[in-house]
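Asks: Got a structure for you, written out below as structure tokens; questions coming shortly.
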Amino acid sequence: MDYGNTADLMVQMSCLEVDFLCCYSEAVPEISDSRIKRHIENFRLDHKEHLEVFLSEISRFAQSSEAQINQPGTGALIAVQRGIGQRRTILVLLENERFISRIYESLINVLPAALRAQVEENYEDELDHIELLEEFAAQSRRVA
């Protein structure tokens with residue numbers, strides 16, 4: 001296993017997770033349904049845990065991780081904008097979750113076994129997020 005490449009992957013995933021934390025922080029005020037809001041807040045905590053795992057792995061793999069960790073997010077996610085409402089916010093979050101789940105799925109077979117297990121767990125979280133966001137989107141469509 002190329003540990004430099006693994007560290008690079010972890011930096012990229014960390015940047016995505018930072019983007020997710022920002023996205024979910026912006027999303028919370030847009031959600032009016034208290035049950036959905038609780039789930040959105042829990043999804044944000046899941047992404048915070050994912051970030052902590054990746055940062056730990058970066059520290060293990062890369063000697064110069066401090067400089068890399070401070071890079072800005074990727075900008076790859078769709079931003080949540082204030083005032084777009086609950087339904088559009090849910091749809092943005094759903095597309096972002098689908099995006100990152102595809103990345104997690106592609107990483108599973110290229111990472112060392114110990115890290116693969118954590119990425120598989122993160123991937124399962126993403127699938128759970130997608131399932132609930134799809135439910136919330138359908139619920140919002142009925143309400144709208």
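The values are calculated or read from the model by the stated rules, or taken from the named source; none is laboratory data. All figures in this text were calculated on a predicted structure; none of them were measured in a lab. Cβ placement follows ideal geometry from the backbone for every residue including glycine, while neighbour counts extend to all protein chains displayed.
Asks: For region 85-144, name all the residues that are among the charged types (D, E, K, R) and either touching a Lys or Arg at 6+ places or on another chain (Cβ under 6 Å) or under 24 Å from GLU52 (Cβ atoms) (or both).
Replies: Pass one, region 85-144, residues among the charged types (D, E, K, R): 87-88, 95, 97-98, 102, 105, 116, 120-121, 124-126, 128, 131, 134-135, 141-142.
Within region 85-144, GLU97, ARG98, ARG102, GLU105, ARG116, GLU120, GLU121, GLU124, ASP125, GLU126, ASP128, GLU131 qualify.
Asks: Looking at GLU105, GLU49 in this structure, which one is at pLDDT 90 or above, over 12 Å from the mean Cα position of the chain (by Cα) and either surrounded by fewer than 18 Cβ atoms within 10 Å (Cβ to Cβ) or of a type in the set (Gly, Ala, Ser) (or both)? Show your work before the answer.
Replies: Numbers: GLU49 fails: over 12 Å from the mean Cα position of the chain (by Cα).
Within the list GLU105, GLU49, the selection yields GLU105.
Condition check ((1) modelled with pLDDT under 90; (2) more than 23 Å from ARG141 (Cβ to Cβ); (3) of a type outside the set (Ser, Thr, Tyr)) across all residues:
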| site | (1), (2), (3) |
| --- | --- |
| GLN12 | yes, yes, yes |
| GLU41 | no, no, yes |
| ARG44 | no, yes, yes |
| ILE58 | yes, yes, yes |
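Asks: Moving to a separate point now. Failed condition for VAL80, given (1) surrounded by 18 or more Cβ atoms within 10 Å (Cβ to Cβ); (2) under 24 Å from GLU121 (Cα atoms); (3) modelled with pLDDT under 90; (4) of a type in the set (Val, Ile, Thr), with all others met?
Replies: So VAL80 meets the others, but not (2).
Asks: Provide a single number: the residues in region 108-144 that are part of a helix (DSSP H, G or I) and either under 13 Å from the mean Cα position of the chain (by Cα) or under 30 Å from ASN5 (Cβ atoms) (or both).
Replies: 18
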